[in-house]
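Read-outs throughout are calculated quantities, based only on the coordinates presented, and are distinct from any laboratory measurement. Everything quoted here is computed from the prediction, not taken from an experiment. Neighbour counts are summed over all protein chains in view; Cβ atoms, including those assigned to glycine, are modelled from backbone coordinates with ideal geometry.
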């Protein structure tokens, strides 16, 4: 039974799924001293790079996504052994860590299904399936024959096929793909544990003498069009609130829900965006009344409110590409210098 469960956990069969794909800023935890061998494994990932064979040792385990509200370890994690020894080698009890822009991820499809996260030297360029394939090989002697002998050949067969699901793509880096007009974002329809805290108060000068503030929700949402890449998404509070759906601009009026209860929200001229430069680097999306005229930095300053913890400030800074070591006052100055432009409006797209 233990071996069957190990295989089922590996494959994601008939067990609870994480509340959502791991996003930047999430806090994960795991037991660095588990009782079972299969709960923390050292494996060798092998690949070719520049036509030369390469290999590296990784520690793999499953972690609990505390930010997403998970109550058991459901997220596969791979950490290069030298990194693992430095970060977790001396941890005696429960280990916790935060997913930042230093991490990469792989996944089964563009919705973010079965996402796993990787921390390693970014110069390493193995395909996604090399992680899954080498873990299967490591578990194979423990699982495959035992499952067949126990009458679970249908599960054992999936061990042979699993790499096809992940085949052919490199790992993705958080914030590496620019959101474009026409992209489909998956926006939560209910308040979640993985939003960025409370409602954010955005303040700006509408005119030289008129100062305004407005409330916004902020989420990291998967960009289904761009292989599940995470996008920072701001939405005017009353256009998202489930208890206030009267406006024609409410998200329920402009997007339909999928089977998972997420709004399938199309990016087009109803949306605006901010970015750190004209290449689209660190681009994020705003859905609101476009008669409002805040500078881009108004949103980032709202995210960098002084009541954030140091870890929250570090994660948010990483999302927007800011220097993490700067003191808060200097960070605000940098924000206003980098994001001193008004929001831009996406072009209209032809409906798909």
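As a footprinting exposure proxy, order 85, 26 by other Cβ within 10 Å, with the fewest listed first. Walk me through the numbers on the way to the answer.
On the way: 85 12, 26 26.
By the 10 Å Cβ count, ascending, the order reads 85, 26.
Exposure proxy check: 186, 94, 51 ranked by fewest other beta carbons within 10 Å? Don't skip to the answer; put the middle values down first.
Working: 186 25, 94 11, 51 5.
Starting with the residue having the fewest Cβ neighbours, the order is 51, 94, 186.
Residue 289 to residue 259: FRET efficiency via 1/(1 + (r/R0)^6), r the Cβ-Cβ distance, R0 25 Å, to the nearest 0.05? Don't skip to the end; give the middle numbers.
Values: r = 31 Å, r/R0 = 1.23.
Given R0 = 25 Å and the Cβ-Cβ separation, E is 0.25.
Taking the beta-carbon count within 10 Å as an exposure proxy, list 303, 232 from fewest neighbours to most.
Details: 303 24, 232 27.
By the 10 Å Cβ count, ascending, the order reads 303, 232.
Bin by bin, in steps of 5 Å, what percent of the Cα pairs in region 15-109 do you find, going until the bin that has the longest distance?
2, 12, 21, 25, 20, 12, 5, 3, 0
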